[in-house]
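The values are calculated or read from the model by the stated rules, or taken from the named source; none is laboratory data. Since this is a predicted model, take the numbers as computed values, not measurements. Ideal geometry is used to build each Cβ from the backbone, glycine not excepted, and the neighbour counts take in all protein chains shown.
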Amino acid sequence: LQVASPVPQGPNKWHEQFPIAKGQRQSPIDIVTSNAKVDKALSDNPLKVSYSNNCCQSVTNTGASFQVVVDGAGTEISGGPLDSTYKLVQFHAHWGPLGGDEGSEHTVDGVTYPAELHLVHWNQKYKDVGEAVDKPDGLAVIGVFFSRGKEHAGFKPISDLFAKVPRKADKVDISFNYDPACLLPARRDYWTYLGSLTTPPLFESVTWIVMKDPVEVSAEQLAALRNLLWETPSGEGQMCNNYRPPQPLQGRLVRST
Ligand SMILES: NS(=O)(=O)c1nc2c(F)c(F)c(F)c(F)c2s1
Ligand SMILES: [Zn+2]
């Protein structure tokens, strides 16, 4: 008897297994820039990003995205909206169909980008990411929009690895020094709000820090994301459209630098 593995259900069915999908602080959201409130406190205590350049261990295909696994040593962020130090544990992305302009999770005044990178950090007040992942102040995720343009030299060493991890659980070691800070835009302005994981279990544990400026990557680098494969209803296919659409703001405040 050949039992097919259940193909993951789309975002509009997640609430059946994860009721928090209809919660009060779900992510992503549409960022309405005119409603964002400039908070001087964010600039008075600037967001501090101090990553080391040998923290990236491997790239794996999680079945829902690529994931660069990081050894948290010396990869800390603090300041800005954060009340304590958070350590980088992994980064991944979400993207759309080939050549399309949708794919980001957050949108800005309804505008989508072709992809969005997430740098995931956990609060050092907890003993590990497993304990932090479901606490209201457990995680801090920096979101960076990818726009289509010139090649991103800093992203190339990573995007070149996607062809080596086509299937779920495939993994390749990162043998070179790599500093993930190269993926951040030069201008460090951001919006910040309290939200959630954007994939099940959808825990409402994320302080979101969404960079205002996109970084440019080439059409070829966006296409490289489709070297990653996943299960579709009609069998194995190119991984794409792995983004959750914006969720209700539920009266939350979005602050801005
Ligand atoms: N897309 S996301 O909001 O950055 C994000 N999702 C998840 C998730 F579903 C997890 F199970 C998890 F352990 C995470 F660390 C994150 S981080
Ligand atoms: Zn994500």
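Starting from the stretch 147-161, keep only residues that are free of Cβ contacts under 8 Å to residues at least 40 places away in the same chain, then list their pairs with residues that are crowded, with 17+ Cβ neighbours inside 10 Å and in a helix (DSSP H, G or I) whose Cβ atoms are within a distance under 8 Å, requiring at least 6 positions of separation or different chains.
Once the first residue is free of Cβ contacts under 8 Å to residues at least 40 places away in the same chain and sits in the stretch 147-161, its partners that are crowded, with 17+ Cβ neighbours inside 10 Å and in a helix (DSSP H, G or I) give 154/183.
Please determine whether any residue of the stretch 48-62 is in contact (Cβ under 8 Å) with a residue 24 or more places away in the chain, on the phi > 0 side of the Ramachandran plot and out of contact with any Cys (no Cβ under 8 Å at 6 or more places or on another chain).
no
Condition test on residue 64, is it closer than 29 Å to residue 249 by Cα and outside any loop (DSSP other than H, G, I, E, B)?
Judged against the criteria, residue 64 is not a match.
Return only the number of the condition from (1) out of contact with any helix residue (DSSP H, G or I) (no Cβ under 8 Å at 6 or more places or on another chain); (2) surrounded by fewer than 17 Cβ atoms within 10 Å (Cβ to Cβ) that residue 245 does not satisfy.
Here residue 245 meets the rest and fails (1).
Quick check on this structure: which one of 153, 115 is touching a helix residue (DSSP H, G or I) at 6+ places or on another chain (Cβ under 9 Å), away from ligand 1 (no atom under 15 Å from the Cβ) and not basic (Lys, Arg)?
Result of the check over 153, 115: 153.
Among the residues in the stretch 157-170, are any surrounded by fewer than 17 Cβ atoms within 10 Å (Cβ to Cβ), among the β-branched types (Val, Ile, Thr) and closer than 19 Å to residue 226 by Cα?
Taking every residue of the stretch 157-170 in turn, none turns out to be surrounded by fewer than 17 Cβ atoms within 10 Å (Cβ to Cβ), among the β-branched types (Val, Ile, Thr) and closer than 19 Å to residue 226 by Cα.
Pick from the stretch 98-112 the residues that are more than 18 Å from residue 192 (Cα to Cα) and away from ligand 2 (no atom under 13 Å from the Cβ): which of them is modelled with the lowest pLDDT?
Within the stretch 98-112, the match that is modelled with the lowest pLDDT is 98.
Can you run down the residue pairs with Cβ atoms below 7 Å, 6 or more apart or on separate chains, where the first is in the stretch 66-79 and under 19 Å from residue 127 (Cβ atoms) and the partner is of a type in the set (D, E, K, R)?
Note: pairs meeting the criteria are 72/87; 75/87; 76/87; 77/48; 78/48.
Which residues, counting only those in the stretch 141-173, are in contact with a Gly (Cβ under 9 Å, 6 or more places away or on another chain) and not aromatic (Phe, Trp, Tyr)?
Within the stretch 141-173, 141, 148, 167, 168, 169 qualify.
Within the stretch 146-257, which strands (runs of 3 or more DSSP E) (wholly inside it) include 3 or more residues that are at pLDDT 95 or above and within 18 Å of the chain's Cα centre (by Cα)?
190-195, 206-211, 215-217
Of 72, 80, which residue is farther than 26 Å from residue 148 by Cα, within 16 Å of ligand 1 (Cβ to nearest atom) and small (Gly, Ala, Ser)?
Just one listed residue meets the conditions, 72.
Being within 15 Å of ligand 2 (Cβ to nearest atom) and not in a strand (DSSP E or B) is the filter here; which residues of the stretch 115-137 pass it?
129, 133
So how many residues does the stretch 206-215 have that are over 16 Å from residue 88 (Cβ atoms) and either within 13 Å of ligand 2 (Cβ to nearest atom) or touching a helix residue (DSSP H, G or I) at 6+ places or on another chain (Cβ under 7 Å) (or both)?
2
Any residue at all in the stretch 156-169 that is aromatic (Phe, Trp, Tyr) and within 26 Å of residue 123 (Cα to Cα)?
no
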